[in-house]
Amino acid sequence: QVQVVESGGGLVQPGGSLRLSCAASGSIFSINAMGWYRRVPGKQRELVATVTRGGSTSYAESLKGRFTISRDNGLNTVYLQMSTLKPEDTAVYYCNARAWDRSDYWGQGTQVIVSS
């Protein structure tokens, strides 16, 4: 019903910035909110940030100030602007779309590697 595809991952040096994108398709009207999650090597998946259709945002406490989530109304796309990246930010980042009926739809993930 809803498909999401992430892009923008890659290799970046510590202290650098990177912006991830997530494009949603299908029954877009069913989406209530979208968000970013990540899986750091050796750890379980964790919440990064979420944004509603109206633009309300929520962040993992540890990431506030460095990461910013936003949405593109026209393109049904959500972004994650990451700054002052650290090696511990290395992870596979996943996009999530949550529908009004509480169903969750996940992308396949995009790899972010923070290394010199």
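Some points to look at:
- Our estimate of slack between Leu11 and Trp106, defined as 0.36 nm per intervening residue step minus the Cα-Cα distance, is 31.9 nm.
- Length gained on full extension, Thr84 to Ala60, computed as 0.36 nm times the residue gap minus the Cα-Cα distance: 7.1 nm.
- The charge dipole of the chain, taken about its Cα centre with unit charges on the Cβ of Lys, Arg, Asp and Glu (plus for the first two, minus for the last two), comes to roughly 120 debye.
- For the chain: accessible area per residue (Å², 1.4 Å): 54
- Positive-end ranking of Val2, Ser70, Ser25 along the dipole of the chain, with charges on Cβ about the Cα centre, is headed by Ser70.
- Using bins of 5 Å that start at zero, the share of Cα-Cα pairs per bin across the chain amounts to 2, 13, 24, 26, 19, 10, 5, 1, 0, in whole %.
- Full-stretch length increase - Lys43, Ser30 - with 0.36 nm per residue and alpha-carbon distance subtracted: 1.6 nm
- Summary of packing: across the peptides 90-100, 1-11, the per-residue average of other C-beta atoms within 10 Å ranks them, highest first, as 90-100, 1-11.
- Residues of the stretch 9-36 with amide N under 12 Å of the 7 Å Cα→Cβ point at Asp72: 20-24
- Cα centroid separation, the stretch 84-116 to the stretch 1-44 (Å): 4
- Among the protein heavy atoms of the chain, carbon and sulfur supply 47% of the accessible surface, probe 1.4 Å, non-protein parts ignored.
The values are calculated or read from the model by the stated rules, or taken from the named source; none is laboratory data. Small disclaimer: the values here were computed from a predicted structure and weren't measured. In this analysis, Cβ positions are derived from the backbone assuming ideal geometry, glycine residues included, and neighbour counts consider all displayed protein chains. These area figures cover heavy atoms from the full protein model, side chains too; ligands, DNA and RNA do not enter into them. Shrake-Rupley method; radii C 1.70, N 1.55, O 1.52, S 1.80 Å.
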